[in-house]
Amino acid sequence: MLRDVLIFGTAAAGLLLILSPPMRRWRFWRAMVTPLASIIGSGFLVLGPILNQSLGIWSPAAMALLALIAFGFGGAIRYSIAAGAHGSPPGRLGALAETAAGWTLAFSYVISVAYYLNLLGAFAVRLTPFDTPLAARAVTTTVFLLILTTGLTKGFKALEGLEKYAVSLNLAAICGLLVGLGLFFGETAATTGPVLTPASVSPWAALTLFFGLIVTVQGFETSRYLGAEYDADLRIRSMRGAQYVSTAIYLVYVTLLVLCFAPGKGALDDTAIIDMTSAVSPLLPLVLTVAALAAQFSASVADTTGAGGLVAERSKGLIGNRAAYAVLVAAGIGLTWTADVFAIISYASRAFALYYALEAAIAALAARSAGQGGRAVGFAALGGLGLVIAVLGRPVE
């Protein structure tokens, strides 16, 4: 009972703090919350159970390495922002890389929206009597059609305010979850000791699975596209801050999860976090479900808007936003009925890895143009890593 009170109290206090006027007026926070929400929304619900199932006690190390790779790609984008390489890339190769990056990101958004909405569908039916893959896919398809109808008629302006509240609710739920896991670990460790589960996959399988999870730390690149609202320095600092905060949250979460719970028997479920957290508190499944629905819907609207804008920009107006929305929804519904969530996660990871490889190439060309050979080599190596991830990433089995 006391644990439930502390969890609820922490989540409520976190929500009040995040929505407080001082936080909403703090310009750095406003600039940071968009990439932070995108990173956390991308993988928090599924990453812990996936790592625990496959890597066991090695999960925190894998999480740290995943965050380090993401920070490297983020560093390449931050360098390009500071160098003014976006919009005026160095040379013909730079221009080609930027054009390719824009189209690749638009394609990545198509897959990420399918990922978000398939998670939404799974969580929407998880606590109901209709918890079946068919029902989850039906919910996902319905939401896709709702987004398409909104985009074709009223546009997404009316939904933009949702992001602020969805982000706040999600972060508050995470605060409550971390406190709950910490208390649960303290109690179980004192009686039965921590759970120390060995990895269940080979090193090669672990590596390719790891590559297939890049999308779960994706989202920091959104700072690149906030130039109309914030100057370069603030975008750089807020992107870095979002990656620091999200890394700290992920490391604490994954570490506590693997020390508290042994992997489940049989195939991994995309809503496994619900079963796990029900042992911590009966409040957490409902809190996480509500937060998941809000966060996934908000993220899907944001990425749909982003994809439409990128396609219109890169096609120089030949393809309008509405046509892009229709293509995105058609592709998303197709993925929904032909692939599971874990396969879609892998597809999205590989698409974003290709985008990050192109961003690293832009940074490498900018560094070479500035006479910074060492940095150019480092960014080129990052680009090579992105290509390897795009080729070798695989889904959870």
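Quick look at the values:
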item	result
Subset of the stretch 159-217 (residues that are farther than 26 Å from Gly9 by Cα, part of a helix (DSSP H, G or I) and touching a helix residue (DSSP H, G or I) at 6+ places or on another chain (Cβ under 7 Å))	Leu159, Ala206, Thr208, Leu209, Phe210, Phe211, Ile214, Val215, Thr216, Val217
Residues located in the stretch 340-389, provided they are touching a helix residue (DSSP H, G or I) at 6+ places or on another chain (Cβ under 9 Å) and not in a helix (DSSP H, G or I)	Asp340, Ala370, Gln372
Failed item in (1) among the β-branched types (Val, Ile, Thr); (2) closer than 29 Å to Ser108 by Cα; (3) not in a helix (DSSP H, G or I), with Ile236 passing the rest	(3)
Qualifying residue in the stretch 220-233 (condition: over 24 Å from Thr305 (Cα atoms) and β-branched (Val, Ile, Thr))	no
Of the criteria (1) farther than 25 Å from Ile69 by Cα; (2) within 18 Å of the chain's Cα centre (by Cα), which one Ala228 fails	(2)
Every pair of residues 6+ apart whose Cβ atoms lie under 7 Å, when the first sits in the stretch 295-318 and is under 20 Å from Ala37 (Cα atoms) while the second is in a loop (DSSP other than H, G, I, E, B) and among the hydrophobic types (A, V, I, L, M, F, W, C)	Val301/Phe156; Thr305/Phe156
Candidate set from the stretch 178-210 (those that are closer than 24 Å to Met1 by Cβ and among the polar types (S, T, N, Q)); member that is surrounded by the most Cβ atoms within 10 Å (Cβ to Cβ)	Thr188
Candidate set from the stretch 272-296 (those that are part of a loop (DSSP other than H, G, I, E, B) and touching a Gly at 6+ places or on another chain (Cβ under 6 Å)); member that is surrounded by the fewest Cβ atoms within 10 Å (Cβ to Cβ)	Ser281
Residue within the stretch 300-315 that is hydroxyl-bearing (Ser, Thr, Tyr), assigned to a helix (DSSP H, G or I) and at pLDDT 85 or above present	no
Candidates Leu226, Leu183 - the one that is touching a Lys or Arg at 6+ places or on another chain (Cβ under 7 Å) and modelled with pLDDT under 90	Leu226
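For every residue, the table says whether it meets (1) more than 23 Å from Tyr250 (Cβ to Cβ); (2) surrounded by fewer than 20 Cβ atoms within 10 Å (Cβ to Cβ); (3) at pLDDT below 85.
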residue: Ala95; (1), (2), (3): yes, yes, yes
residue: Ala100; (1), (2), (3): yes, yes, no
residue: Val113; (1), (2), (3): no, no, no
residue: Pro133; (1), (2), (3): yes, yes, no
residue: Lys154; (1), (2), (3): yes, yes, yes
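The values are calculated or read from the model by the stated rules, or taken from the named source; none is laboratory data. The shown structure was predicted, so the numbers you read here are calculated from the model rather than taken from an experiment. With ideal geometry, Cβ positions are generated from the backbone for all residues, glycine too; neighbour counts draw on all protein chains shown.
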